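Structure first, commentary second.
The values are calculated or read from the model by the stated rules, or taken from the named source; none is laboratory data. Please read all numbers here as calculations on a predicted model, not as lab measurements. Glycine also receives a Cβ, built like all others from the backbone with ideal geometry; neighbour counts cover every protein chain displayed.
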Amino acid sequence: MLEVLFIGLSLGSILLLVALGLAITYGAMGVINMAHGEMVMVGAYVTVLSGIYLHTNIFVAIPLAFIVTALLGLLIERVVVRRLYGRLLDTLLATWGIAILIQQAVRLEFGLSFFGIHIQGLGPGLQNVSVPEVLQGTFTIAGADLNRYRAFIILVTVILSLLTWFIVYRTTMGTQVRAIIRNPKMAAACGIDVTRVNALTFALGSGLAGVAGVMMSGFKTVFPDMGTPMVVDGFLVVVMGGVGSLLGSVFSAGILGEINGLVAAATNDILARAVVFGVVIAIIVLKPKGLFALKGR
Amino acid sequence: MSSKRPIDWALYAVFVVLIMLAPLVMDSFWLNRVAKYLVYGMLGAAIALSWGYAGILNLGQGLFFGAGAYMLAMSLKLASQTSLQQGSDKPVPDFMLWNAEPGAPTELCCINKASFLWLPFQSQWFGVAMGLVLPVALAGILGTIVFRKRISGVFVSIITLALVLLVRLVVIDAQPITNGFNGLTDLGWFKVGDLEFDPYVVPTYYLVAVSLSLVLVSARLLVETRAGIILQAVRDDQNRARYLGFDVPSYQTFFFAVSAAIAGFAGMLYVIVSEFASPTFMDLTFSITMVVWAAVGGRSSILGACIGAILINVISATVSETEGFAEAWKAVIGLIFVLVVLYLPRGLGGLAHDLVDRFVVRKRGGGERALRVTSTSSQAAE
């Protein structure tokens, strides 16, 4: 039973890793970033490439992926998202286009494959990342064999959640972000540079997705389409938790992860995911504002 | 508005004539392809109806398309040669037999626990009826729940999205009766009396083309009715419509169901043309791609969204013939999409309307005004 709960917890952690970035970008900026999954994918490819060319392991890839995806996020915000504030559904459509572009960039090796140049680690094929030995195998607590890598994911998720919480609730930028969540116009009137804060928020959200990608690469095959299902899961977590509530995302990720783990243990993975979708639909129908809704005025 | 209407209908007429003339210039291979794209066009129109006119962005339209497709595919599967040659004089789908437990009777009623659900599908027209009834029922139930609870905007999109993914998983998991990931293949031909609709012949193309024309015209007529106009009022300001005393959820649910019926109908036609039904119809990508077509073509124009879908697919098919360009083309589609959202938010349809406004309506509007002025002045003279 402990093993099942542990697996559920690690599934929840993975959900939360992806959802953290979305909780910030969607909650704070009102942007549905469908390219968020592609940020995860880029993070995973950073791990692959840094392994091939720099001979470094997954620990080095974490800060590296954060920087790469944060910069990519900044670029996307500057070029596209900035023009779409206030048009929620249009951000969804435009970022879907961006998602396709990023996928194809990886698949076509930035277009170099047309000239017969191939970059090892990119392209349409599948990539694998080998996990350092410290993280392989299992360890035993209270008679239950627990997977080390899953434990590592949980640990990283806890650290990142605390870090995000600190940024949002204990720094000047975080205060500004929260002011913008409540009321962008009023925030601007109080002298907050909304454009700049939004750009940084988007970069932060994308960077978090990049780190999620590094963690994914350790136990999933890396390929250009890997991000698409993740972004959906991430959104379900954020919406179920309540838009703009970090705590809500943490709770809903935990709940969905455990439900997924328990149902999967009792039946199979496919039904488990179906049940998760069903729970999300039921909660959105019953509480459209989510579990932990901000009380607006 | 009224002066623009004849131009609108003229465009519809041109479109209908063009798709009716297509067989003159195409071989059977392209005819089959274009028939598929016309089905996509119908999906685009369904999206425009719910998104552009009702303001409901359904990211799960694939659910209704898939429902329609599977219902007819079940009937056509039973009509297929592969189902009639399974050692029984009654049809049994081949995949059921491959997975049957040893000693299970080779009968549709009881080869596995749920196979009895297939029994009524021995009649093709039952499949056809269900292909419309099921999507409409699903949309009716979903719409009633969602719209009565006054859920709107992005939450509707997320609910529909989660729902289509849920149903997709259920269909995959119900392997014994749906053939899981593989879907229903090796289907028989759709029959009306003695006429068999081989997917590669001209009558099948006309079946699709005529259906599309009818759907387009009825959808266009529908949004011009009183109900259609109230619906647009709801889209623009739900609360105002509510305060004016309109039962908002009924209008939304009704048009949501109509859109679902069109999608289900499109699903059936797709099965006739492509001879398979599979869970990929309910993939996230497919449902979003439909929205992309509608957005490029013009979300608020039924014909525009339809043409958008056909255009994108015809160009895709042509470009991806050239080897190596298929993947690059996808990137181009992504780029076009970003550009359309940024610079042409109302799509090609919106562009066309602006052009019509600029060159035709203004001139004529000026003329009408001049006429009115002269008539009033002549009255004054009397």
Residue, surrounded by the fewest Cβ atoms within 10 Å (Cβ to Cβ), within the stretch A:84-93, restricted to residues that are in contact with a Leu (Cβ under 6 Å, 6 or more places away or on another chain) and facing chain B (nearest Cβ under 8 Å)
A:90
Scanning the stretch A:144-166 residue by residue, those more than 18 Å from residue A:11 (Cα to Cα) and in contact (Cβ under 8 Å) with a residue 12 or more places away in the chain turn out to be A:164, A:165
Are there any helices (runs of 4 or more DSSP H) wholly within the stretch A:146-200 with 3 or more residues that are surrounded by 17 or more Cβ atoms within 10 Å (Cβ to Cβ), and if so which?
A:148-170, A:172-182
So residue B:299 clears everything in (1) within 13 Å of chain A (Cβ to nearest Cβ); (2) within 18 Å of residue B:19 (Cβ to Cβ); (3) not hydroxyl-bearing (Ser, Thr, Tyr) except one condition, right? Which one?
(2)
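Listed here are the residues, each with its yes/no results for (1) farther than 30 Å from residue A:6 by Cα; (2) among the polar types (S, T, N, Q); (3) modelled with pLDDT of 90 or more.
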residue	(1), (2), (3)
A:149	no, no, no
A:154	no, no, yes
A:157	no, yes, yes
A:162	no, no, yes
A:166	no, no, yes
A:178	yes, no, no
A:187	yes, no, no
What residue, of B:309, B:305, B:294, is within 12 Å of chain A (Cβ to nearest Cβ), surrounded by 24 or more Cβ atoms within 10 Å (Cβ to Cβ) and within 23 Å of residue B:9 (Cβ to Cβ)?
B:294
Checked against (1) within 12 Å of chain B (Cβ to nearest Cβ); (2) in contact with a helix residue (DSSP H, G or I) (Cβ under 7 Å, 6 or more places away or on another chain); (3) at pLDDT 90 or above, residue A:206 satisfies every condition except (1)
Per-region count, the stretch A:105-149, residues of a type outside the set (A, V, I, L, M, F, W, C) and within 14 Å of chain B (Cβ to nearest Cβ):
9
When residue A:78 is run through (1) away from every other protein chain (no Cβ under 14 Å); (2) more than 30 Å from residue A:133 (Cα to Cα); (3) modelled with pLDDT of 90 or more, the failure sits at (1)
Selection from the stretch B:105-152 of residues that are away from chain A (no Cβ under 14 Å), in contact with a helix residue (DSSP H, G or I) (Cβ under 9 Å, 6 or more places away or on another chain) and more than 26 Å from residue B:268 (Cβ to Cβ)
B:106, B:107, B:110, B:113
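Out of all the residues in the stretch B:105-132, which are polar (S, T, N, Q) and free of Cβ contacts under 8 Å to residues at least 40 places away in the same chain? Walk me through how you get there before you give the answer.
From the stretch B:105-132, those polar (S, T, N, Q) are B:106, B:112, B:115, B:122-124; that's our starting set.
Within the stretch B:105-132, B:106 is the sole residue that qualifies.
With B:361, B:373, B:319, B:314 as the choices, which residue is within 14 Å of chain A (Cβ to nearest Cβ) and either at pLDDT 85 or above or part of a helix (DSSP H, G or I) (or both)?
On the way: B:361 fails: within 14 Å of chain A (Cβ to nearest Cβ); B:373 fails: within 14 Å of chain A (Cβ to nearest Cβ); B:314 fails: within 14 Å of chain A (Cβ to nearest Cβ).
Result of the check over B:361, B:373, B:319, B:314: B:319.
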Considering (1) over 17 Å from the mean Cα position of the chain (by Cα); (2) assigned to a helix (DSSP H, G or I); (3) surrounded by fewer than 18 Cβ atoms within 10 Å (Cβ to Cβ), say which one residue A:123 fails and leave the rest.
(2)
Only one of B:169, B:187, B:195, B:214 is in contact with a Lys or Arg (Cβ under 6 Å, 6 or more places away or on another chain) and without any contact (Cβ under 8 Å) to a residue 60 or more places away in the chain; which?
B:169
So is residue B:168 under 26 Å from residue B:272 (Cα atoms), within 14 Å of chain A (Cβ to nearest Cβ) and among the basic types (Lys, Arg) or not?
yes
Go through the stretch B:24-56 and give me each residue that's modelled with pLDDT under 90 and surrounded by fewer than 18 Cβ atoms within 10 Å (Cβ to Cβ).
B:24, B:25, B:26, B:27, B:28, B:29, B:30
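Just need a number here: residues in the stretch B:323-354 that are charged (D, E, K, R) and more than 7 Å from every other protein chain (Cβ to nearest Cβ). I'd like the intermediate steps shown before the answer.
In the first step, residues of the stretch B:323-354 are kept if they are charged (D, E, K, R); the result is B:323, B:327, B:330, B:346, B:354.
Restricting the remaining residues to those that are more than 7 Å from every other protein chain (Cβ to nearest Cβ) gives B:323, B:346, B:354.
Within the stretch B:323-354, residues that are charged (D, E, K, R) and more than 7 Å from every other protein chain (Cβ to nearest Cβ) number 3.
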Inside the stretch A:30-75, can you point out the residues that are under 20 Å from residue A:199 (Cα atoms), more than 14 Å from chain B (Cβ to nearest Cβ) and of a type in the set (A, V, I, L, M, F, W, C)?
A:39, A:40, A:42, A:64, A:65, A:66, A:67, A:68, A:70, A:71, A:72, A:74
Can you name every residue in the stretch B:135-152 that is touching a residue at least 40 places away in the same chain (Cβ under 8 Å) and closer than 14 Å to residue B:50 by Cβ?
B:135, B:136, B:138, B:139, B:140, B:142, B:143, B:147, B:152
Against the conditions (1) exposed (fewer than 14 other Cβ atoms within 10 Å of the Cβ); (2) in contact with a helix residue (DSSP H, G or I) (Cβ under 8 Å, 6 or more places away or on another chain); (3) among the charged types (D, E, K, R), where does residue B:226 fall short? Just the number, please.
(2)
